């Protein structure tokens, strides 16, 4: 069977305007797909040069396919279950700087280069004291980027119009700010000209971002059927969900150069991304954490099945729309749409998301993802968010480690597991509830001091333990 390359399928060639650090599944299913959309619908004419950020990677495989790969997007789109695929052709070539550093650094001399995109894992935006300007290449991603920016600065004499727009996608807070800080640190340590640091500050834009798309990656188990469907061999097939979101904190000028809006892409340009980060953590992550102990003790194993269940599904929707959304400051319409999108993602029949896989470190997850909604709800409404507290009671019951006579494989820090093992020895739900809720190491505050909270949680815990989760939850949603 023929292999995928530019002789196999009809493709386009684009001007090399984007340098991309990272060739993994996420960027290919997320950023490169969006670039493809903008090339097709907005004449973006942006070709991508991909740089392998570490010694081992996929660049040879990518070049063997002339930068091409097939992307499958599977999930719910406009209320319908859809699976669609296309060949992505925006990547023009790949470079391994560990075997061909000169080809890498030559990109600095490209007058058309305008954007840098990266996803080098959370550990990628980090400082390495061993990096030197003379290294070929530097070990760290920021080191490699600094060397390239300095070469560009020298090549174009510090011209203001030759600065770059840097859009990192690493999953760390303030990713652009952190990357810029390390670049400037290298500039100082390598004793580069003051003018270079000024050029970085004034003529290069480092954006903070938030990215969101579930990318299961290479569908190994389905490749035989996929190859038969496609009619060619593709070693870089990648799967992603239909939903996508890219929040970019940047000056308005960046939005003018990045025509995502005209293509209908879910890209939000803002001068403050924090409300969107909060929205994602509270709604998407918070919904997962709220669901896990309730759904699992109810007898359900997967996220999708939880949404399909009439009782558990209603519980989660009520938690989202009635307890979580009222604590956020974005427009109601925006919050409702995002929540609806989240529920569609949870229903995605192409994803088998196990509740137990989400249950890892549930105590710290509840603290960071759900507790802020609890506290804000009480503050704003002077009443208790009943669904979120039912979930908290369920969480305490979950850490008893038993589901209908079967042991639960709890996964958390050992001191947390030891605490619950000791606390549940008493088998007195009143004492257990008080011990858990007053544990400031868990929550950063004493939750028993919130008027009525301890009583509410204790009441639900008693019902769950004495009557079982099914009876307790069915009675709860009828209240």
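Sort 7-19, 147-159 by packing, meaning the average of other beta carbons within 10 Å per residue, with the highest value first.
Values: 7-19: 16.0, 147-159: 18.8.
Result, highest mean first: 147-159, 7-19.
How do 27-36, 382-391 rank on mean C-beta neighbours within 10 Å, highest first?
Descending mean neighbour count gives 27-36, 382-391.
What does the extension gain come out to for residue 172 and residue 224, with contour length at 0.36 nm per residue minus their alpha carbon separation?
Residue separation times 0.36 nm, minus the Cα-Cα distance, leaves 15.1 nm.
Report the semi-axes of the equivalent ellipsoid for the chain in whole Å, largest first, where each axis is √(5λ) for an eigenvalue λ of the Cα gyration tensor.
Values for the chain, descending: 45, 26, 21 Å.
Which residues in the range 254-296 place their backbone N less than 19 Å from a point set 7 Å from the Cα of residue 310 along the Cα-to-Cβ direction?
From the range 254-296, the list is 295.
Label-point separation (nm) for residue 403 and residue 63, each offset 7 Å from Cα along Cα-to-Cβ?
Placing both labels 7 Å along Cα→Cβ, they lie 4.8 nm apart.
Quote the relative contact order of the range 274-478 in percent (integer), defining contacts as alpha-carbon pairs under 8 Å separated by 6+ residues.
25
Given the chain, what percent of its DSSP beta bridges are antiparallel, to the nearest 5?
40
Could you grab the relative contact order for the chain? Cα pairs under 8 Å, six or more apart, rounded to a whole percent.
Here the relative contact order equals 13 percent.
Assuming 0.36 nm per residue, please report the length gained on full extension of the stretch residue 478 to residue 128 beyond their Cα-Cα distance.
Gain on extension, residue 478 to residue 128, equals 120.3 nm.
How do 358, 477 line up, fewest other C-beta atoms within 10 Å first?
Going from sparsest to densest Cβ surroundings: 477, 358.
Taking the simple approach of a point 7 Å from Cα along Cα-to-Cβ for both residue 99 and residue 235, what is their distance in nm?
Output for this residue pair reads 1.1 nm.
How would 220, 60 line up from fewest to most surrounding beta-carbon atoms within 10 angstrom? Don't jump to the answer; show the numbers that get you there.
Numbers: 220 8, 60 11.
Fewest-to-most ranking of 220, 60: 220, 60.
Once both axes come from the Cα atoms, what is the angle between helix 175-189 and the longest principal axis of the chain, in degrees from 0 to 90, rounded to 10?
It works out to around 50 degrees.
So how tilted is helix 386-398 from the main axis of the chain? Cα-based, degrees 0 to 90, rounded to 10.
90
What is the distance in Å between the Cα centroid of the range 374-398 and that of the range 413-455?
For the range 374-398 versus the range 413-455, the Cα centre distance is 15 Å.
If each of residue 418 and residue 86 carries a label point 7 Å out from its Cα toward its Cβ, how far apart are those two points in nm?
Going by the 7 Å Cα→Cβ label model, 5.6 nm.
May I ask for the angle, rounded to the nearest 10°, between helix 453-467 and the longest principal axis of the chain, with both axes built from Cα atoms and the value confined to 0 to 90°?
The helix 453-467 is inclined about 70 degrees to the chain.
Quick one: 290, 368, fewest Cβ neighbours within 10 Å first, how do they rank?
Ranking 290, 368 by Cβ neighbours within 10 Å, fewest first, gives 368, 290.
Since every read-out is calculated from the coordinates, none of them should be taken as a lab result. This structure is a prediction, so every number in the text was calculated from the model and none was measured. We place every Cβ from the backbone using ideal geometry, glycine too, and count neighbours over all the protein chains shown.
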